[in-house]
1. Specify which of the listed residues (VAL161, VAL188, VAL213, VAL150) is farther than 24 Å from TRP399 by Cα and of a type in the set (A, V, I, L, M).
2. Being crowded, with 19+ Cβ neighbours inside 10 Å and either part of a helix (DSSP H, G or I) or not assigned by TED's automatic domain parsing to the domain that holds THR215 (or both) is true for just one of ASN109, ASN96. Which residue is that?
3. Taking LYS295 as meeting all but one of (1) in contact with a helix residue (DSSP H, G or I) (Cβ under 6 Å, 6 or more places away or on another chain); (2) over 30 Å from GLY379 (Cα atoms), write down the number of the exception.
4. Say whether the condition of being outside any helix (DSSP H, G or I) and small (Gly, Ala, Ser) is met by at least one residue in the range 368-379.
5. Among residues belonging to the range 240-255 that are farther than 19 Å from ASP192 by Cβ and of a type in the set (Gly, Ala, Ser), point out the one that is surrounded by the most Cβ atoms within 10 Å (Cβ to Cβ).
6. Looking at the structure I just gave you, is GLY36 more than 22 Å from the chain's Cα centre (by Cα) and surrounded by fewer than 17 Cβ atoms within 10 Å (Cβ to Cβ)?
7. Can you spot a residue in the range 382-405 that is touching a His at 6+ places or on another chain (Cβ under 6 Å) and in a helix (DSSP H, G or I)?
Amino acid sequence: MSHHPALSRPLFHDADQNFEAKIVLGSVGAGAGDLGEIFATLAAVEDGKRESWVRAWFARAQATQQLAQVSESNGRTATAAAQWLRASAYYGHALNAIAAIGDTDGYANAFAMHRAAWDRFALLRRVPLEGRSIRYGKGSLPGYLQRPDVPPRDGRSPLLVLVNGSDGTLTDLYSTIGAAAAARGYAVLYFDGPGQQSQLVAGTHFRPDFEAVLTPVIDHALGLPGIDGSRIAVYGVSQAGYWVPRALAFEHRVAAAIVDPGVTDVSTSWVGHLPSPLRHELEKGDSKHFDQYMKLGLGHSASERAVWNFRAKPYASTGYFAVYREVGKYRLSPETAGSITTPLLITAPENEQFWPGQSDELASFVPDAELVRFTAVNGADSHCEPLARTAVNEVLLDWLDARLEAR
């Protein structure tokens with residue numbers, strides 16, 4: 001039986017804004033938001049108006065940045081670090097709405113402000129985050145290493161590698177699990193993969209064969225000083241619920257992994273929104289008529305076209321049909337998933353709205369995978385359990401502790 005979701009009386013009737021508001025509220029436990037600031041900002045947002053969302057969060061980010069600058073100039077480093085973290089988060093909350101408006105230059109500028117605030121936080125916090133450059137192909141991926149809050153007794157820490165979803169920020173990763181993991185004694189490695197965050201701004205694209213990304217990240221992790229190479233774990237959030245299992249089918253040096261939630265077919269969140277005639281054209285491979293119908297359907301709404309362009313941009317394809325075909329490559333077969341030998345924990349939140357049922361399917365594909373359910377009765381429902389990160393992380397990190405202690 002399905003329970004009513006947490007906050008069943010929505011903050012916004014607009015589904016996207018309501019879900020984003022839950023993410024914002026869930027960040028408070030990690031210090032990436034303040035309840036008073038958050039509620040004051042949400043009160044200034046007009047329901048369903050993306051421009052209003054952007055104005056409210058941008059104003060809050062700038063005000064918080066100004067506080068951070070004053071604190072820093074007065075030598076109040078701890079205060080400044082906390083304020084820079086919140087400023088980074090608040091800029092980040094505006095990003096998707098800016099993209100949905102279709103303001104490409106505005107997105108790049110806002111992202112630069114978001115990342116600059118994150119970098120100040122990284123530098124000023126009591127245990128600074130170390131900037132890393134991860135070799136990838138002929139270039140590199142930017143990363144950050146967060147050492148544990150308390151140094152390990154033997155000088156070597158377990159490491160949790162965090163893999164982001166399609167549009168989350170590093171601040172989101174920090175508040176989702178990074179801060180909790182560092183408090184538990186883990187070193188934490190953050191990075192922007194192809195098509196993610198700074199790499200999207202740079203013009204790179206997602207890839208379905210994520211082992212080509214995770215393997216060089218693990219190579220880099222194994223060379224980090226103070227890291228126990230036998231205790232490297234990976235956490236994947238949102239769309240990384242596909243990327244991480246795909247990579248683990250080929251990369252076997254990871255000691256344990258968590259996906260939150262499990263994803264076997266990314267394309268269902270795209271195809272599910274299509275009217276049945278369009279799905280029919282897609283299935284029979286009629287690119288000409290599919291593109292014509294899509295162009296006609298999106299022709300009446302500039303905002304919907306902007307959302308489409310933002311969501312399609314990381315997939316390295318042009319044309320509606322070509323993008324759908326590309327997204328269709330992000331699918332795990334039972335044979336591929338069956339090659340995973342890494343101990344794997346899969347979250348299954350009640351009321352999962354993007355990939356319902358796929359956590360259970362992934363668990364059925366992967367030998368000895370474990371499934372943990374989170375429920376609405378405990379406020380831990382919805383995609384990535386945004387309102388219950390403290391309780392969820394207790395479960396996830398306890399599981400991870402037990403797997404790594406056994407090594």
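1. Details: VAL161 fails: farther than 24 Å from TRP399 by Cα; VAL188 fails: farther than 24 Å from TRP399 by Cα; VAL150 fails: farther than 24 Å from TRP399 by Cα.
Of VAL161, VAL188, VAL213, VAL150, the one residue that is farther than 24 Å from TRP399 by Cα and of a type in the set (A, V, I, L, M) is VAL213.
2. Matching residue, one of ASN109, ASN96: ASN96.
3. Going through the list (1) in contact with a helix residue (DSSP H, G or I) (Cβ under 6 Å, 6 or more places away or on another chain); (2) over 30 Å from GLY379 (Cα atoms), LYS295 breaks only (1).
4. Yes, some residue in the range 368-379 is outside any helix (DSSP H, G or I) and small (Gly, Ala, Ser).
5. ALA249
6. So GLY36 fits the description; yes.
7. At the first step, the residues of the range 382-405 found to be touching a His at 6+ places or on another chain (Cβ under 6 Å) are none.
Checked against the condition, which is being touching a His at 6+ places or on another chain (Cβ under 6 Å) and in a helix (DSSP H, G or I), the range 382-405 yields no hits at all.
Residue-wise test of (1) in contact with a strand residue (DSSP E or B) (Cβ under 7 Å, 6 or more places away or on another chain); (2) in the same structural domain as GLN353 (by TED's automatic domain parsing); (3) modelled with pLDDT of 95 or more; (4) not hydrophobic (A, V, I, L, M, F, W, C).
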| residue | (1), (2), (3), (4) |
| --- | --- |
| LEU7 | no, no, no, no |
| GLU37 | no, no, yes, yes |
| ALA44 | no, no, yes, no |
| TRP57 | no, no, yes, no |
| THR79 | no, no, yes, yes |
| GLN83 | no, no, yes, yes |
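The values are calculated or read from the model by the stated rules, or taken from the named source; none is laboratory data. This structure is a prediction, so every number in the text was calculated from the model and none was measured. Cβ coordinates were reconstructed from backbone atoms using ideal geometry, including for glycine residues, and neighbour counts include every protein chain displayed.
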